[in-house]
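The values are calculated or read from the model by the stated rules, or taken from the named source; none is laboratory data. Here the structure is a predicted model, which is why all the values come from computation and not from measurement. As a convention, Cβ positions derive from the backbone with ideal geometry for all residues, glycine included, and neighbour counts pool all protein chains shown. For accessibility, only protein heavy atoms count, side chains too; no ligands or nucleic acids. Shrake-Rupley method; radii C 1.70, N 1.55, O 1.52, S 1.80 Å.
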Amino acid sequence: MSFPSSLLLVALAGTLAIPVKSQAQNVSGFLAIANQGEHTALHIDLSNHSTFAKVEVGVNGHEVAVSPDGHFAYVPIYGNSGVGKPGTDGNSIDIIDLQKHALAGHIDLGKNVRPHCAKFGPGGYLYVSAELANAIYIVDVNSRKVVGEIPTGAIEAHMLVISPDGHRIYTANVGAGSVSVLGVDNRKLIKVIPVSRQVQRISISPDGKHVYTHDQGSARIAVIDTAINDVSNWLNLPASVYSSTITSDGHWLLANAPSGKLFIWDLQAGKLANTFDIPPSNGEISINATNSKAYISCPQAGAIQILNLQTQKLESPIILTKGADGLQWFQSISN
């Protein structure tokens, strides 16, 4: 696909005055954010909530994945459509150098597949959902090439999670209303699990025992037992939710709703623990390494809501522009 001629860093006030060393030592960490409305990747300093860098990417990047060393961010270029809807079909991944705050190149996926979700996994590979190929692509970021794929057995494999041991991938298949279980080692489909008429997004417990996906027709979350690869339970909520994330200690499940709610489910007690009013959110949730703060993107409002998990209170949001969507918290930038 073609890219804008101005694929450059837009340096915001004070950007170039921040040395890489001070970024690496930032104890609050950073957010990488894909803004599909303005076709940019943002770099947020959480010590002062400032956007100190913005890089133009292709049309449209919905999600972002930061390399384990914090050096690069990868933004799959999906296209100008919504899942299952007509529009352009992306075929590449943009690479952002987080040290230089600049575009570092592209990964050509070879054909139009609407790449969406990207996660680093076993072997240091980047695993990317390729919707139109009904597959997960395996990308070597060093050679910048696709080196393999795993079939999902279902349409619209939109989001994915990787098991903690690295042996399984689970995909949320939106229009199919299912979850696919994939074997990473042999790169084969294990099972497609029917869930509901339509689902959105997916999360996994830190111990890998449960996978969660969200029924878009009812106010409930499906709980999949990974020992049997089937739905074993439902979490009933006051409203249908779009995405969820679990704290690394396995205590809290956070889920955001397009109706404008943030739910906190106590996985240990097995009940809803708290509800917060936020702007309508069909975005994403990212939690820092200490489980002290959660960041919730609200694309319609152009804001990142911040929940203090220790006090169970919302803090002042980070105000951006409409379209701020996929995000990832990361600790530091590689020197």
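Couple of notes before you dig in:
- Check: the stretch 172-220 dipole with +1 on Lys, Arg Cβ and -1 on Asp, Glu Cβ, in debye: 100
- Carbon + sulfur, % of accessible area of the chain - ligands and nucleic acids excluded, 1.4 Å: 49
- Close amide H partners of E149, meaning residues 5 or more places away or on another chain with modelled amide H under 5 Å apart, are I138.
- Summarising the label geometry, the points placed 7 Å from Cα in the beta-carbon direction at T311 and E38 lie 2.8 nm from one another.
- Accessible surface for the stretch 197-335, divided over its residues, is 40 Å² per residue with a 1.4 Å probe.
- Between N291 and N80, the distance separating the two model label sites (each 7 Å from Cα on the Cα→Cβ line) works out to 4.5 nm.
- Gyration tensor verdict on the stretch 79-209 (Cα atoms; rounded if a/c is under 1.5, prolate if a/b is larger than b/c, oblate otherwise): oblate
- Accessible area in square angstrom per residue, the stretch 29-89, 1.4 angstrom probe: 29
- Note on I319 and S334: their simple-model spin labels are 3.7 nm apart, each label 7 Å out from Cα toward Cβ.
- Mean separation of Cα contacts under 8 Å, 6 or more apart, over the residue count of the chain: relative contact order %: 13
- For the stretch 61-103, the gyration tensor built on C-alpha atoms gives a prolate shape. Its axis ratio a/c (a ≥ b ≥ c) is at least 1.5, and a/b is the larger of a/b and b/c.
- Converting phi to 3J(HN,Hα) with the Karplus coefficients 6.51, -1.76 and 1.60 and the offset θ = phi - 60°, the stretch 288-303 yields 6, 5, 8, 6, 9, 9, 10, 10, 10, 7, 10, x, 5, 8, x, 9 Hz in sequence order, with x at every glycine or proline.
- Taking all protein chains together and rolling a 1.4 Å probe, H62 ends up with roughly 20 Å² accessible.
- Sum of side-chain charges, F330 neighbourhood, beta-carbon under 13 Å (Lys, Arg +1; Asp, Glu -1): -2
- Over all other residues within a Cβ to Cβ distance under 14 Å of H39, the charged ones net out to -3, with Lys and Arg as +1 and Asp and Glu as -1.
- Residue among G217, N308, F330 farthest towards the positive dipole end of the chain, charges placed on Cβ: G217
- If you sort the three axes of the alpha carbon gyration tensor as a ≥ b ≥ c, you get a/c of 1.5 or more for the stretch 237-293 and a/b no higher than b/c, which makes it oblate.
- Debye, to nearest 20: dipole size of the stretch 162-265, +1 on Lys, Arg Cβ, -1 on Asp, Glu Cβ: 300
- Residues D69 and D266, FRET efficiency given R0 of 30 Å [Cβ-Cβ distance, rounded to 0.05]: 0.30
- Largest accessible area first, the listed residues D45, D230, D249 line up as D249, D230, D45 when surface is computed with a 1.4 Å probe on the assembled protein chains.
- Amide H contacts of S244: I202, each under 5 Å away and 5 or more positions distant or on a separate chain (H built 1.01 Å from N in the peptide plane; Pro and chain starts excluded).
- Lys/Arg +1, Asp/Glu -1 at C-beta; the stretch 69-150 dipole; positive extreme among I93, G105, A133: A133
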